[in-house]
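What follows is a single structure, written as structure tokens, with notes after it.
The values are calculated or read from the model by the stated rules, or taken from the named source; none is laboratory data. These numbers were taken from a predicted model, which means no experiment stands behind them. A quick note on method: Cβ atoms are made from the backbone with ideal geometry, for glycine too, and the neighbour counts reach across all protein chains shown. Areas reflect the complete protein model, heavy atoms only, side chains present, ligands, DNA and RNA absent. Shrake-Rupley method; radii C 1.70, N 1.55, O 1.52, S 1.80 Å.
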Amino acid sequence: MSDEYEHKLEAKSDYVSDASSGTSASDIDKLPPAELPDQELYHSHSWWTTYVFSQDAKYIGVQYACTAIGTGILGLVLSWLMRLQIAFPGLGLLEPSAYYQFVTMHGMIMVIYLLTALFLGGFGNFLIPLMCGSRDMAFPYVNMVSYWMFLVAVLVLLSSFFVPGGPTGAGWTLYPPQAITSGTPGHNMGIILMLVSLVLFVAGFTMGGLNYIVTVLQLRTRGMTLMRLPLTVWGIFVATILALLAFPALLVGGLMMTLDGLLGTSFFMPAIVSMGEQLKYEGGSPILFQHLFWFFGHPEVYIVALPAFGIVSDLISIHARKNIFGYRMMVWAIVGIGALSFFVWAHHMYVAGMNPWFGFFFATTTLIIAVPTAIKVYNWILTLWRGNIQLSLPMLFSLGFIVTFLNGGLTGLFLGNVTVDVPLSDTYFVVAHFHMVMGIAPVLVVFGAIYHWYPLITGRMLNETLGKIHFWITFVGSYAIYFPMHYQGFIGVPRRYFEIYDSPYIETSTMGLNVFITVAALIVGAAQLLFIYNLISSARLGKKAEKNPWKANSLEWQTPEMPPAHGNWGKEMPKVYRWPYDYSVPGAKEDYIPQNVAPSAVTEAKVEKS
Amino acid sequence: MAVAIVILLIALGSIAFHFWSPWWWTPIASNWQGMDDTILLTFWITGFVFVAICAFVAYCVWKYRYQKNRIAEYKPEDKKLETRLILITTLGVIALLAPGLLVWNNYISVPDNAYKVEVVAYQWGWKFRLPGKDGVLGKTDIKLINDENPFGLNLEDSYGKDDLLVDEGELHLLLDRPVKFELRAIDVLHNFYVPQFRGKMDMVPGMITYYWITPTRIGEFEILCAEYCGTGHYAMRGLVIVDKEKEYNKWEAKQITFDKMFAKNKNNKNLQLAKNTK
Amino acid sequence: MNKFFKTLAEKPWEESQAKIDNEHQGKTLSLSKYKLGLRTIMVVSTIIFSFFIIAYADRMLIHDWRSMPEPWLLWANTGILILSSIMFHLTKIASDRQHNDKIKKGLYFIGFLAYTFLFSQLLVWYQLLNSGYYAATNPANAFFYLFTALHGLHLIGGLYFLGRTTSKFLRNNSKVQEIQHTIELCAIYWHFLLAVWIVLFGLMLFT
């Protein structure tokens, strides 16, 4: 620990003043000459290095996104099968072991291989260099390796479907002892492949994360201070720091469990009698694994949520033609939530058998984290207030996000409050809560973001009619899936049940509810295929996008070419003169002033001092 | 515009669903009314916030819809407003947290007059052990578990000899008497959960966890496992029957002590061996 | 830290702040990107090892823990690491002064020491396994193998960069300027690995 501390101290002392003393500039456009040399770029020479082993962050971003979405579709199909089993147990569609394997793979794919990879690997790679005004990431080669590691991780994960015993069915939390004992499907090969895949993912992600951190801190263009960065970059940046600090816990837990499984060590395995047979393990602590897992697992929620927060802030601001309300507070909230997220992990373990006195501490920290989160919601809706709201697709999805996230966030107050958690934990209430808050809500942001940035990536717009259908089905449909599910939780229906057959305490009508939820899930899932179709067909046939179609301020729309070419900025790097939220500035001719517009070009725009 | 109406409908529909849908919690059968009360409190506070914010969003979307000539307000921040909102939120959070922590304190502090019952979970079923006449549960160790000694009792601990072993997945409890469940698992994680009792706690091999309740209603209640424990998780059911003292005593008298069971098992085994050697 | 908070308190929309911000060069820390990258890696590694140490401390308390003997070879290996750290320091000084010959010898010697260390660690494994200290026998053993393996992997990673530096140096006719920075970074990493080893070794020694 002491080492790390030292490095941090050093890093702080190296801090360069962002604010050198003000000069009395006679010319308002005056910028000091560039002190830093332009970034060296790798130029590809062959088809392979251009299209496959690309080192261009934009391309890597798209590769990440496509791989993640492809894996996500598998996760979606698995959820269909699970829902069919729950609603129609009479069909005999699945074996219990298959059901549990699908539960596990669905969870792991959605959380790690879809959402984390998509937000950080996909949007992070595509947007960070463009929004910071850099030519590329700091270490393009490492960045490329990062993607290929991710791809290998995905392939290893998928390969577990084809090994004897199938993929692991230990639940996405992979708790020992059950993860590696014989009562669980996939306890031999499946779990090992899962752990190997996770280790690869963490290694690959660390390489990517290194790039995001260094690029955001060191490679911004002239005039781009940290506080002039769009919130998207702030969200991704802080999420990356969280990931770099939290993934090691998963790595450590994963490595130790691999050894427990392969070599028979007893890190997490206590003495147990499995299926009437004494195993050789002794003395290990399953709870220790849970601590490691959730020390990773809770920040992981924010690794997904913070980029979503950042992106949705920008979408709302741009499409409401108004500056984001309380920019500073938004940045503080992102940083604050990030810091606090390391002190709340054990709220996943209130009833896990840890020392019950921890409950007081973790309930308090958990409810404290609600305050900065609430601030973010207030600031989003206050950005709408007195705005000029364009109901474009990104805005629709953002509104959907606010409602969904609000719902999921508020039910978090139930589960975070230790007493309320006791009856509700491990029931469908939890399932409904986390799907709302870290499933649907971030996914709605993903959709909004794709509709928003698709023109920048392909130069064409997505089809609006298909988009509207997609939005309405997804937003209303997913609310219809998860809102009633909370009530199953109140009844006490436990989660991870292959079949909820007649039970004296479960009213038969609950089964009807299950059928309803399944039908809704099938419809919502099908709407996603419509979206995929839109993505593919619009790349060729979509309406040609004009430059900066949403009239946005941030730098990514100001490249000389659209879609931006290799190196992003042509000959001359952009110079930044303002923050990215100069929308509807009083006096200005247009309702937006891009970040690289010099003050002399907009002399009439005057902002009163607040 | 549709989106404003839909958001409003979602808020109102959620309220309507709450009142007119048949689904709500299972009637309680233990002393943990406090848990239900905190849920209700949380429900109303958060429900109010949900409806208020949804209504506000719907209003904004309708009132400030795009018009070519409209110019949005330029206001980077408003310190006063933000400070007020933070204060209100903090108060709300305290109102939620404080009662919650009080109930939690009760939940983890077992009253002195509680009698003990051990619950043993295995893949996939339930066993129980009562302390017997001396009122003390004997020591156990997973390493000692074998065919003759299915609970893994320590043979040298005399407290264990009169312990009553219940191996049929059915447990009787006394009405209105606080009971402390000592929870033990022998293979993987489990969780002893009776929806009507509200209480819940994981069972971890190698550890003894606990919680306590006071049954307040006579009846039969189903035990469910609430921590995923492998393929048979969903089928891991048991039964709790809350009795008045008379019926309870009748049931208790039928249970067999560890001493007797051990002797019987040993005999059986000897017989088995004798048969085999023939 | 103070400056960080000051940055967060800026109001980027105000004209006075804009004037200050326009002067900004776009870099937050006065470090090369490589150095910042290396520091990030070291922070992540430190965290990984910290988690292992926490797990070690937690697991140690359980009664079945049996400490492991420390073969004298481990002391020798610690010596090798210390020596290579010193050598790296000297090589770095040589590269600052552009003493080509010393740099070359230094790099070769450090490489040799690193391989010796790795080989010698394997020897320790071999000895211990032969005396029946298997990973599954006791968690203390398991932690020992885990720690040494991870530390070794870190060193192998370092060796990759050391090899690249050396070959670049040889290829480009000993242009010192091109490798000065990498030598500095490698030296930092080597000191870091020594520090990690001393912490791990000390931990295993005293428990």
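Side notes on the structure shown:
- Dividing the mean sequence gap of close Cα pairs (under 8 Å, 6+ apart) by how many residues segment B:115-273 holds gives a relative contact order of 25 percent.
- Charge context of A:Lys547, other residues only, Cβ under 15 angstrom, K/R +1, D/E -1: 0
- Proximal charge balance of A:Pro563 [Cβ under 11 Å; K/R count +1, D/E count -1]: +1
- Less than 5 angstrom separates the built amide H of B:Val166 from those of B:Phe128, B:Arg129, B:Leu130, all sequence-distant by 5 or more or on a different chain.
- Taking all C-alpha pairs of chain A, those more than 41 Å from each other amount to 25 percent.
- Positive minus negative residues near A:Thr518 (Lys, Arg vs Asp, Glu; Cβ under 15 Å): 0
- Solvent-accessible area of C:His99, all protein chains in place: 80 Å² (probe radius 1.4 Å, heavy atoms, ligands and nucleic acids excluded).
- Approximate spin-label separation C:Glu178-C:His63, in nm, with each point projected 7 Å along Cα-to-Cβ: 6.5
- B:Met1/A:Leu530 FRET efficiency (R0 22 Å; Cβ-Cβ; nearest 0.05): 0.40
- When the P(r) of chain B is calculated, the portion above 27 Å amounts to 57% of the C-alpha pairs.
- Centroid-to-centroid separation of segment A:383-422 and segment A:154-220 [C-alpha atoms, Å]: 30
- Under 18 Å from the C:Leu73 label point (7 Å along Cα→beta-carbon), backbone N, segment C:181-204: C:201
- Close amide-amide hydrogen proximity is noted between A:Met224 and A:Val576, C:Gly26, each under 5 Å apart and 5 or more residues distant or on a separate chain (H modeled in the peptide plane; Pro and chain starts excluded).
- When chains B and A come together, the accessible area they lose, probed at 1.4 Å and totalled over both chains, is close to 9400 Å².
- Axial C-alpha extent at least 24 Å, average Kyte-Doolittle at least 0.5 - helices from chain B (DSSP): B:2-20, B:33-63, B:79-108
- B:Tyr66/A:Lys544 FRET efficiency (R0 25 Å; Cβ-Cβ; nearest 0.05): 0.60
- Sulfur and carbon atoms: percent of accessible area, segment A:49-224 [1.4 Å]: 77
- Each helix, a run of at least 4 DSSP H residues, gives -39500 (n - 2.57); summed and divided by the residues of chain A, these come to -19500 deg cm²/dmol at 222 nm.
- Where N is the number of residues in chain C, Cα Rg divided by 2.2 N^0.38 Å: 1.32
- 1.4 Å probe accessible area per residue over chain A, in Å²: 31
- With a Förster radius of 25 Å applied to the beta-carbon distance between B:Ile108 and B:Asp167, the computed FRET efficiency rounds to 0.25.
- Stokes-Einstein diffusion for the protein assembly as shown at 37 °C, viscosity 0.692 mPa s, with a Kirkwood radius from C-alpha pairs, works out to 104 µm²/s.
- Whole-number percent relative contact order across chain C, with pairs defined as alpha carbons under 8 Å at least 6 apart: 26
- Rounded accessible area per residue of chain C, 1.4 Å, Å²: 47
- Segment A:49-224: relative contact order as a whole-number percent, Cα under 8 Å and 6+ apart: 28
- Chain B - share of DSSP beta bridges that are antiparallel (%, nearest 5): 70
- Cα-based equivalent ellipsoid of segment B:88-164: semi-axis lengths in Å, sorted from largest, via gyration tensor: 39, 16, 9
- The long axis of helix A:2-13 is offset from the longest Cα principal axis of chain A by roughly 20 degrees.
- Label positions at B:Leu87 and C:Phe4, each projected 7 Å from the Cα along the C-beta direction, are separated by 3.0 nm.
- Rg/Rh for segment C:35-138, where both radii come from Cα atoms and Rh is the Kirkwood radius: 1.10
- For the protein assembly as shown, share of DSSP beta bridges that run antiparallel, in % to the nearest 5: 70
- Full extension of the segment from C:Lys168 to C:Glu15, taken as 0.36 nm per residue of separation minus the current Cα-Cα distance, would add 50.1 nm.
- For the set B:Lys143/B:Lys260; C:Lys19/C:Lys92; A:Lys58/C:Lys105; A:Lys606/B:Lys68; B:Lys143/B:Lys244; B:Lys80/C:Lys19, the pairs lying more than 32 angstrom apart at their alpha carbons are C:Lys19/C:Lys92; A:Lys58/C:Lys105; B:Lys143/B:Lys244.
- Length gained when the stretch B:Glu220-B:Glu148 is fully extended (0.36 nm per residue, less Cα-Cα span): 22.8 nm
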